[in-house]
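Down below is the structure, laid out as structure tokens.
The values are calculated or read from the model by the stated rules, or taken from the named source; none is laboratory data. Computed from a prediction, not measured in an experiment: that's the story for all the values here. Note that each Cβ is placed from the backbone with ideal geometry, even for glycine, and that neighbours are counted across all protein chains shown.
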Amino acid sequence: MSLLREAHLRGLIDCRAARPLDRDWWLQVGWALRWLERQLYAEVAGLKYELNLALLDYGLAKEAFDHHWDIAQELQSQIERHKLPWLRIEAGPGRQRIADMTKAWKAVFGDPEDPEVARRIEATVAALRQRMARAPEDGNAFTPHR
């Protein structure tokens, strides 16, 4: 589906009122298409965010985790190719890179499976949550609407 057709389906451009010889009409089409591209990119980014959130506290065995991760990555690539076919989005880090980053994190901070490290992580999370609840900033993305 072309970006122009997507814009038409979303009600951004009325092709029945097209004025192909009018520069102003083409400017409006360009603005609408740029806005739509940003919206579609944001939707894809939101999907990535949701994927990462879903996997943060995954309790399955490594084989099951890897299976679901691979499926989710492929589905995400399909969505990206469908929504943003004109962009060449690079693949994210592979499992080996993730394993290397995990190993480096453990070398610096310790293994989260260690009860002492887990306790420090929980203490940090609690302190950050307490600080956010105590003094939310105006304009902060995490500030609840009043």
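If you go through segment 39-65 and keep only what is modelled with pLDDT under 75, over 25 Å from R81 (Cα atoms) and either of a type outside the set (G, A, S) or not in a loop (DSSP other than H, G, I, E, B) (or both), you end up with L56, D57, Y58, L60, A64. For T143, the criteria (1) modelled with pLDDT of 75 or more; (2) surrounded by 10 or more Cβ atoms within 10 Å (Cβ to Cβ); (3) not assigned by TED's automatic domain parsing to the domain that holds R10 hold in every case but one, which is (1).
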